[in-house]
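Here the structure is laid out as structure tokens; the discussion comes afterwards.
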Amino acid sequence: MILSIVLKEWKEFWRHRAMRLVVLAYLAIYALSVLLGAVEHSRYESSRVAAEKSVRESWLNQGEKNPHSATYFGTVAFPKRSALSILEPGALPYLGVAAYLRAGLRTEFVDLPARDESPLAGLANLSPAFCWQVIFPFVIVLLTYAALARDRETGMERYLMAVGSNRATLVFGKTFGVGLVLLVIYLVAFGLGGAIASLAGGFGQEDTSAWLLLGLFYFLFSGIVFFLALAISGVASTSRKSLTGGLVMWLLIAVVLPRLAADNGRVSTASPSAIEMSRIAESDLERGFEDRPPRDARIEGTLNMLFRETKVGRREDLTVNLPGFHFISEAEVENASRGLRLGQARRTLTAQTATMEWGAAFSPATALQLLGSTLAGTAATQRDGATDAANLYAHRMRRILNRELAAKGREQGGAFLTGKKMWNQIDIFEADLPKQIEAAAARTRSIVTLLIWFTLTLLLAATSGLVVPQLGERS
Amino acid sequence: MNRPLILAVSAFLLLGLVAAWNGRRMRESLSQVEAHVASANQQRLEIGKLNAGFTSGEGRARPEDSVLVAADRIAPWMVSGTPGLAGAAIGQAALRRTIWRPNSGGAERGLEVFENGQTLAAGGFDLAIVMVLALPLVILFAPRHDLVLLALGPAVSLLGILGSGAPLTQADTWLRVLAWLVLSGLYGLFWLLVRRKNWVYWATGVAYVTLVFIVPGLAVAVVDLLLPAPSRMALAAKKQAALLPVMAKTSRDLAPFYEVHPEFAENGATPADYDRIRLAAEAQWSEAWEPLRQQAEGSADLHRMAVEVVGKLSPASILYSALLETAGTGVSRQDAFEETAREFGRQWSIALRAGVGRGHPLRPADLDRLPTFRYQEQPLLSWMLPAVIGILSLAAWGAAMQMTRKRR
């Protein structure tokens, strides 16, 4: 009996021209969003490769220079993106794309792509992830709202009961019927997205596993929306009320609550103030921090160390370049200060994201956003690895160049020049792509939230479909 | 009024008030940046004054003996004021707000405000979002009562703006509020006219999602495809390439100072020499960099403008853009601020040149000669023009909807 209801629902759905159009339109929009994502990915990668080549050439061809001057010329690092970022751009528009690796500059990725975008991008950004989080839930509501409500509204439900149908059979038949249609749309969209992204970006093993997991989370989220829409259809007296209720639920789940959860994260812990960090960095260098003495004492300390090491008692007698040693020591202090302060700032941002993740208890879309972006390596925290690599690179570069000056620049001082052989000793900047599966596995709160929501909404749908109308009938 | 209508209106009002409360919190968080900047500037100036009156006892040069180094350490950070209506339409204010600083060559973006990319990517929840996304749903699906539904947008907007902490003592704020109310009223009218078409429910829903999400999303996507924003990576590479010949030329001159260290001046060179050479180097750098910067900014402006134009295909994007501009959290206010910052940078640069010309380190009296930055609110026209364009565009959409109705 259930099977025949399922088949009837299936056939009826595909006979409905308008609904077919809605489904086709969704699939077309989704495919378009994946294609646009692929174009953006390919554009980014070609721009990155060209920029990397250009800055490397600039570095190698900077001509003869004092090694310390070269630390002010520096180079620029550009982060890589995973192929899965085509499907889940996550926080990428809000993460910098260039880190200027120069003495005297903060080594973080700056130049956020979103800053050049129109503010309209903050309203609707047609990415594949947006399609899963906002548009597909809308399609689910549209295809589900009438599932149980229409039969009740038209009296068909009473008729079927009168001729001996069982309520459970009716409810499950309808549920599986609509569910089957949605499952087909889900599978087609998911497969299509994966195929295009894989062709365009070249999935590695990590990408493929992450993509499959992403599919699981999309499935859970879509299931949650489906069960909620079904529950509303199960209790609504008319299909109009069911659609209205479904749309309100969709607006809350897909739009309002994720935004509120994010804002709550932002204000729960004040974002680190850039100006405060800059002030603290200046103070660290000037007055010292932790066990580091103030600048004057450090200069004095370096001088005394050199006196001891070279067994002389006057500056004039030193056989090494004093400023060179001073630069080495200052770069170490700057690096330590930067590491300490950046660590503090990161802890604040991590706390914000954790608060946002707690908000997922009320908003499964937030859990999906966090899991999706983490699986694609596009979460904000996953840029930390590249930033650390950039910091390490900049520090190594300064150390090598300043050591060269300290060791060989005694006679000529600032006029000591070095050239291409030295520049070649500084490797090309390389940062690995962030770990995707490992990082997503750490988001246990989001995973558990999605599973709890899925289970609870499944129970709710079953309860409202089977129990509530019976109470209504008695009245 | 019937019960379902009261329920719908109450739910919308509640949503508006939650958005206003949330916006108020976000606005307070934004205004902390100004407090930090003011406090840091005060501290820098005090330290600058101490240094300006101090001479090293050992006769060795100090970094502050250079006018440029000393001025760099007291150069005031500049940031735009928090817009009065920021709590109503927070938009991407946190993203666009950057902290500027003057230097000998003018002014440049000094610091990017730290923000959590993850929370920014999720988007903010404010009154503008409620108006753009939720108002049409109420108008389309709540029980029909034209007058109530039409008044809903402006009424909840007014309450929300009052609740979002807008400073209502300024005439400028009231003008902005007025523009906001007209915009939300016209948007409501448009959706009321859509409702009058009496489409089947699901078709109304499809029309909603198409106009509110898909068309604005497509506008951004299509312009991204055909007229992309400039690649910041390419710009960084060009910047590095432009720096190459400048440094090749200036590094030799700056060799006695190890590029930026007048305190280590060698071979009889003095910090005053450093200032002179550094000024010339900065001028060369500005000459090389400015055309690149202008080209990139121009491309970004063109890209944004194209999105705005294509976005006119959806009343939702018209309203959203206009509300952000009206609230001062769009692009025009930041542009106006950056123009003010650049102008201040020019004044600062002139003052520094005069300081270098005097040939001695900065003295306390010299500090008084340096210009002081004061934030100026954006000109009226710069926000009013987009608001009026928004009003006219929404009116045109309403008229088009009305005309198609008559034809039927």
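The values are calculated or read from the model by the stated rules, or taken from the named source; none is laboratory data. These numbers come from a predicted model, not from an experiment. Here the Cβ is made from the backbone with ideal geometry for all residues, glycine too, and neighbour counts use every protein chain on show.
The single residue among B:313, B:279 that is part of a helix (DSSP H, G or I) and more than 9 Å from every other protein chain (Cβ to nearest Cβ) turns out to be B:279. If we scan region B:238-252, do we find a residue that is touching a Leu at 6+ places or on another chain (Cβ under 8 Å) and either facing another protein chain (nearest Cβ under 8 Å) or not hydrophobic (A, V, I, L, M, F, W, C) (or both)? Yes, the conditions are met somewhere in region B:238-252.
When A:56, A:81 are screened for being more than 9 Å from chain B (Cβ to nearest Cβ), of a type in the set (D, E, K, R), touching a residue at least 40 places away in the same chain (Cβ under 8 Å) and assigned to a helix (DSSP H, G or I), only A:56 passes.
Looking for whichever is within 32 Å of the chain's Cα centre (by Cα), surrounded by fewer than 22 Cβ atoms within 10 Å (Cβ to Cβ) and either in contact (Cβ under 8 Å) with a residue 24 or more places away in the chain or more than 9 Å from every other protein chain (Cβ to nearest Cβ) (or both) here; the options are B:226, B:192. Which one fits? Steps first, please.
Working: B:192 fails: within 32 Å of the chain's Cα centre (by Cα).
Just a single option satisfies the conditions, and that option is B:226.
Exactly one residue among A:318, A:368, A:306 is under 30 Å from residue A:258 (Cα atoms), surrounded by 16 or more Cβ atoms within 10 Å (Cβ to Cβ) and either touching a Phe, Trp or Tyr at 6+ places or on another chain (Cβ under 7 Å) or more than 13 Å from every other protein chain (Cβ to nearest Cβ) (or both), and that residue is A:368. In the set B:342, B:363, B:333, B:346, only one residue is in contact (Cβ under 8 Å) with a residue 12 or more places away in the chain, crowded, with 20+ Cβ neighbours inside 10 Å and among the basic types (Lys, Arg); that residue is B:333. Using the structure shown, decide if residue A:5 is at the interface with chain B (Cβ under 7 Å from one of its Cβ atoms), in a helix (DSSP H, G or I) and either among the β-branched types (Val, Ile, Thr) or over 24 Å from residue B:224 (Cβ atoms) (or both). It is false that residue A:5 is at the interface with chain B (Cβ under 7 Å from one of its Cβ atoms), in a helix (DSSP H, G or I) and either among the β-branched types (Val, Ile, Thr) or over 24 Å from residue B:224 (Cβ atoms) (or both). Restricting A:240, A:266 to residues that are crowded, with 23+ Cβ neighbours inside 10 Å, of a type outside the set (Phe, Trp, Tyr) and within 12 Å of chain B (Cβ to nearest Cβ) narrows the list to A:266.
Of the residues that sit in region A:104-129 and are more than 8 Å from chain B (Cβ to nearest Cβ) and small (Gly, Ala, Ser), which one is nearest to residue A:47 (Cα to Cα)? Within region A:104-129, the match that is nearest to residue A:47 (Cα to Cα) is A:127.
Filtering A:139, A:97 for residues that are at the interface with chain B (Cβ under 7 Å from one of its Cβ atoms) and either in contact with a strand residue (DSSP E or B) (Cβ under 6 Å, 6 or more places away or on another chain) or at pLDDT 90 or above (or both) leaves a single hit, A:97.
Being buried (at least 20 other Cβ atoms within 10 Å of the Cβ), in a loop (DSSP other than H, G, I, E, B), at the interface with another protein chain (Cβ under 9 Å from one of its Cβ atoms) and not β-branched (Val, Ile, Thr) is a condition met by at least one residue of region B:66-88.
Tally the residues that are touching a helix residue (DSSP H, G or I) at 6+ places or on another chain (Cβ under 9 Å) and more than 8 Å from chain A (Cβ to nearest Cβ), restricting the search to region B:29-43.
Of all residues in region B:29-43, those touching a helix residue (DSSP H, G or I) at 6+ places or on another chain (Cβ under 9 Å) come to B:29-30, B:33, B:36-37, B:39-41, B:43.
Adding the requirement that they be more than 8 Å from chain A (Cβ to nearest Cβ) leaves B:30, B:39, B:41.
Total meeting the criteria: 3.
Could you list, in sequence order, all residues of region B:91-121 that are more than 21 Å from residue A:370 (Cβ to Cβ), at pLDDT below 90 and within 13 Å of the chain's Cα centre (by Cα)? Result: B:91, B:93, B:96, B:97, B:98, B:99, B:109, B:112, B:113. Listed by first and then second residue, the pairs linking a residue in region A:209-227 that is farther than 16 Å from residue A:439 by Cβ to a residue that is polar (S, T, N, Q) and in a helix (DSSP H, G or I), with Cβ atoms under 7 Å apart and 6 or more places separating them unless they lie on different chains, are A:224/A:457; A:226/A:144; A:227/A:457.
Is region B:141-158 home to any residue that is at the interface with another protein chain (Cβ under 7 Å from one of its Cβ atoms), in contact (Cβ under 8 Å) with a residue 12 or more places away in the chain and out of contact with any Asp or Glu (no Cβ under 7 Å at 6 or more places or on another chain)? Yes. I'd like to know if region A:23-46 contains one or more residues that are facing chain B (nearest Cβ under 10 Å), over 24 Å from residue B:222 (Cβ atoms), in a helix (DSSP H, G or I) and over 21 Å from the mean Cα position of the chain (by Cα). No: zero hits. Condition first: more than 10 Å from every other protein chain (Cβ to nearest Cβ), part of a helix (DSSP H, G or I), of a type outside the set (D, E, K, R) and under 30 Å from residue A:214 (Cα atoms). Can you find one or more residues in region A:323-340 that meet it? For region A:323-340, residues more than 10 Å from every other protein chain (Cβ to nearest Cβ), part of a helix (DSSP H, G or I), of a type outside the set (D, E, K, R) and under 30 Å from residue A:214 (Cα atoms): absent.
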